[in-house]
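Trainee: Dropping a structure here in structure tokens format, bear with me for questions.
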Amino acid sequence: MRPNKRDELVSKALDVFYRDGFHATGMDRLVVETGVSKTSMYKHFRTKEELILAALRLRDERFRNWFCRRVEELAETPAGRLIAGFDALAEWFEEGKYRGCMFIKAGAEFQDADHPIHVQAAEHKRMLLEYLTGLARQAGAKDPEQLGSQMLLLKEGAIVTSVLLGSGTPAQDAKAAAQVLLDAALAG
């Protein structure tokens, strides 16, 4: 079944925003890059911010579905999945179109904590934190909230470092640190 025009527009805009950033991408560029007329674009989205929010929702859905599925493919136990997340990151870092985390970028470009785009970016991270905390709880961590938070911190740090250094190595460094934290959280 062919996706509707709105869905196509959001998907194409997502690619442009991810590649070029939010503030650097104007509506005129989106018209050219997506092949959708301004009239049609404004028929679906009253503002660029509405389009950004739709693109972030799509990215969230795609990324979390991929990440959780990939982690489950890589490891069978909750403890193993906490560590396997870093192997999944390493795979992502090696993709040709990899440019870091769209949600980190959104939070940086829209820094007001009450701005809807910032709120949506923070919600993505909150949902990842819940996932990691859930794995920590299932693994039997003494303090699953702390371990989940530590895993998220390592994940986010690996993403930023990989972009700035142009290297996939931070995923493996974060994985080694995660193993130390996991071992300590499960020791008892």
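Trainee: Among 35, 77, 63, whose Cα sits farthest toward the positive end of the charge dipole of the stretch 1-91 (+1 at Cβ of Lys/Arg, -1 at Cβ of Asp/Glu, about the Cα centre)?
Mentor: Most positive-ward Cα: 35.
Trainee: Rolling a 1.4 Å sphere over the protein heavy atoms, what is the accessible area per residue of the chain, to the nearest Å²?
Mentor: Result: 52 Å² of accessible area for each residue.
Trainee: Longer than 22 Å from Cα to Cα, which of 105/155; 5/125; 12/155; 125/155; 38/97 are they? Say none if no pair is.
Mentor: On the way: 105/155 15 Å; 5/125 29 Å; 12/155 27 Å; 125/155 11 Å; 38/97 27 Å.
The pairs that break the limit, which is 22 Å between Cα atoms, are 5/125; 12/155; 38/97.
Trainee: Also, quick follow-up: According to the square roots a ≥ b ≥ c of the eigenvalues of the Cα gyration tensor, what is the shape class of the stretch 116-188, taking rounded for a/c under 1.5, prolate for a/b larger than b/c otherwise, and oblate for the remainder?
Mentor: Oblate.
Trainee: Return the distance in nm (one decimal) between the two label points of a simple spin-label model at residue 77 and residue 39, each offset 7 Å from Cα along Cα→Cβ.
Mentor: For residue 77 paired with residue 39, the spin-label model returns 6.3 nm.
Trainee: Which residue, chosen from 129, 180, 140, occupies the Cα position most advanced towards the positive end of the dipole of the chain, where the dipole is computed from +1 (Lys, Arg) and -1 (Asp, Glu) charges on Cβ about the Cα centre?
Mentor: Value: 129.
Trainee: Next question, about the same structure. Run the numbers for residue 97 and residue 176: contour at 0.36 nm per residue of separation, minus the present Cα-Cα distance, in nm. Could the numbers behind the result be given before it?
Mentor: On the way: separation 79, 0.36 × 79 = 28.44 nm, distance 2.58 nm.
Gain on extension, residue 97 to residue 176, equals 25.9 nm.
Trainee: Mind checking the dipole of the chain: about its Cα centre, +1 per Lys or Arg Cβ, -1 per Asp or Glu Cβ, Debye to the nearest 20?
Mentor: 640 debye
Trainee: Of the chymotrypsin sites (Phe, Trp or Tyr not before Pro) in the stretch 15-102, which ones lie in a loop per DSSP and count no more than 16 other C-beta atoms within 10 Å?
Mentor: In loop regions of the stretch 15-102 (DSSP not H, G, I, E or B), the sparsely surrounded chymotrypsin sites (Phe, Trp or Tyr not before Pro) are 98.
Trainee: Taking 0.36 nm per intervening residue step and subtracting the Cα-Cα distance, what contour gain separates residue 57 from residue 6 on full extension?
Mentor: 17.0 nm
Trainee: In whole Hz, with x marking every Gly and Pro, tabulate ³J(HN,Hα) for the stretch 52-69 from phi via Karplus 6.51 cos²θ - 1.76 cosθ + 1.60, θ = phi - 60°.
Mentor: 4, 4, 5, 5, 5, 4, 5, 4, 4, 4, 5, 5, 5, 4, 5, 4, 5, 5
The values are calculated or read from the model by the stated rules, or taken from the named source; none is laboratory data. Bear in mind the structure is a predicted one, so any value in this text is a computation, not a measurement. Cβ coordinates were reconstructed from backbone atoms using ideal geometry, including for glycine residues, and neighbour counts include every protein chain displayed. The area values use the complete protein model at the heavy-atom level, side chains included, leaving out ligands, DNA and RNA. Shrake-Rupley method; radii C 1.70, N 1.55, O 1.52, S 1.80 Å.
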